[in-house]
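Okay, so here's the structure we're looking at.
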Amino acid sequence: MIDLSDNTNAWGMPPAARRAIAESIPSPRYPSAYADALKAAAADYLGLEPQMITTGCGSDDVLDAAFRALGRPGERLAYPSPTFAMVPIFAAANRMTPTPTPLADLATCGARIIYLCSPNNPTGVPIARAVVESLLARVTSDQVVIVDEAYAEFAGASMTDLVPRCDRLIVTRTMSKAFGLASLRIGYCAADPALIDAIERVRGPFRVNAIGERAAVAGLRDGRDWMSAHAAKATEAREWLVGELQARGLNPPPSAANFVFAPMPEAASIAERMLARAVRVRAFDEPSGIRITVSAPEQMAAALNALDEARRCE
Ligand SMILES: *Cc1c(COP(=O)(O)O)cnc(C)c1O
């Protein structure tokens, strides 16, 4: 089975993180309450202060806690559609109203929380910095803008440098994608210390396990070169995949992430037929298409074969 469905790192994790896991001694004690070592490592990685960081059990947990801390039941959470599938789910779980809203209308929509994903999942398309800056200039003091940068390492662009200048901005990051630590569930975000405080109060302590924290710290401190080199491999492979899809008459939007969205009709049945050929991709409707995680060339060649066969038997 070739699994190209979840955008994790096809090349593994930084050796420094692997060593930290192997050398971890299981402890019967609790981990640190608020993952201070991880906060320090993430702050250093982003060039920010540790008081501007909080962590969680994946960035999913950070998003969920931010929604709960900053939105009240019945208030709207706006986002351009399509976007990360968990966002309307977490909004509803926190009794907010998920509200798909065109990018151009976000500044005037009056939603309590505005969520943007850049590069966006599932399309891969990044949001221009100027768009975020003009949105931040227009939001009121009772709104917050969340920019989900789960794939920033592949894009080579980030909004985290805006955090010290804007107390209405939260940027979320994860160790699950470019750093290859999805199984350990480590995410974090950067924001003004007052927002960090509000999120930590509703979220509570002990959300990051000790082994995951050690692996993440090692990855952020000593695994940056490995991560950058493998993110470069992913972007090179992505451009090859885009060319192959275009040669098949498909028209993927420009991706800045480690996956490509290929619009096509009947995506769900195409994905099903690819799965019967031992290749797992993720199907979406509205717009109909399949999302393919970038991987090593042999795996992608096999995936393209499966795609060709799946489309032939339509
Ligand atoms: C994968 C993903 C995440 C979740 O990552 P975790 O840190 O593993 O919870 C968040 N946002 C987007 C857009 C993702 O694609």
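The values are calculated or read from the model by the stated rules, or taken from the named source; none is laboratory data. What you see is a predicted model; the values in this text were computed from it and never measured. Using ideal geometry, Cβ is built from the backbone for each residue, glycine included, and neighbour counts are taken over all protein chains shown. For accessibility, only protein heavy atoms count, side chains too; no ligands or nucleic acids. Shrake-Rupley method; radii C 1.70, N 1.55, O 1.52, S 1.80 Å.
Within the range 167-182, track down each residue that is free of Cβ contacts under 8 Å to residues at least 60 places away in the same chain, outside any strand (DSSP E or B) and open to solvent by less than 20 Å² (accessible area, probe 1.4 Å).
The one that is free of Cβ contacts under 8 Å to residues at least 60 places away in the same chain, outside any strand (DSSP E or B) and open to solvent by less than 20 Å² (accessible area, probe 1.4 Å): Met175.
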>> Condition first: touching an Asp or Glu at 6+ places or on another chain (Cβ under 7 Å), open to solvent by 30 Å² or more (accessible area, probe 1.4 Å) and farther than 28 Å from Arg291 by Cβ. Now tell me which residues in the range 53-90 satisfy that.
In response: none
>> Test of understanding: among Ala218, Ala232, Ala256, which residue is buried (at least 19 other Cβ atoms within 10 Å of the Cβ) and either on the phi > 0 side of the Ramachandran plot or part of a helix (DSSP H, G or I) (or both)?
In response: Ala218
> What is the number of the single condition among (1) within 29 Å of Ser141 (Cβ to Cβ); (2) touching a Lys or Arg at 6+ places or on another chain (Cβ under 8 Å); (3) in contact (Cβ under 8 Å) with a residue 40 or more places away in the chain that Leu77 does not meet?
Replying inline: (3)
> Restricting the range 9-23 to residues that are more than 27 Å from Ile196 (Cβ to Cβ) and of a type outside the set (A, V, I, L, M), which is surrounded by the most Cβ atoms within 10 Å (Cβ to Cβ)?
Replying inline: Asn9
> If you check every pair at least six apart or on different chains, which have Cβ atoms under 7 Å apart with a residue in the range 104-122 that is farther than 17 Å from Pro82 by Cβ first and a residue that is among the basic types (Lys, Arg) and open to solvent by 10 Å² or more (accessible area, probe 1.4 Å) second?
Replying inline: Ala107/Arg138; Ala111/Arg76; Arg112/Arg76
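Given the structure, is Ile21 in a helix (DSSP H, G or I), among the hydrophobic types (A, V, I, L, M, F, W, C), out of contact with any strand residue (DSSP E or B) (no Cβ under 7 Å at 6 or more places or on another chain) and without any contact (Cβ under 8 Å) to a residue 40 or more places away in the chain?
no
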>> Checking Phe154 against (1) open to solvent by 10 Å² or more (accessible area, probe 1.4 Å); (2) over 26 Å from Gly289 (Cβ atoms); (3) touching a helix residue (DSSP H, G or I) at 6+ places or on another chain (Cβ under 8 Å), only one condition comes out false. Which one?
In response: (2)
>> Yes or no: the range 98-121 includes at least one residue that is in contact with a Pro (Cβ under 7 Å, 6 or more places away or on another chain), more than 12 Å from the ligand (Cβ to nearest atom), farther than 22 Å from Phe259 by Cα and charged (D, E, K, R).
In response: no
>> Go through (1) touching a residue at least 60 places away in the same chain (Cβ under 8 Å); (2) open to solvent by 40 Å² or more (accessible area, probe 1.4 Å); (3) not in a helix (DSSP H, G or I) for Tyr45 and report which single condition fails.
In response: (3)
> Taking only pairs six or more apart or across chains, which ones have beta-carbon atoms under 8 Å, a first residue in the range 1-13 that is in contact (Cβ under 8 Å) with a residue 24 or more places away in the chain and closer than 26 Å to Leu220 by Cβ, and a second residue that is open to solvent by 40 Å² or more (accessible area, probe 1.4 Å) and within 11 Å of the ligand (Cβ to nearest atom)?
Replying inline: Asp6/Arg282
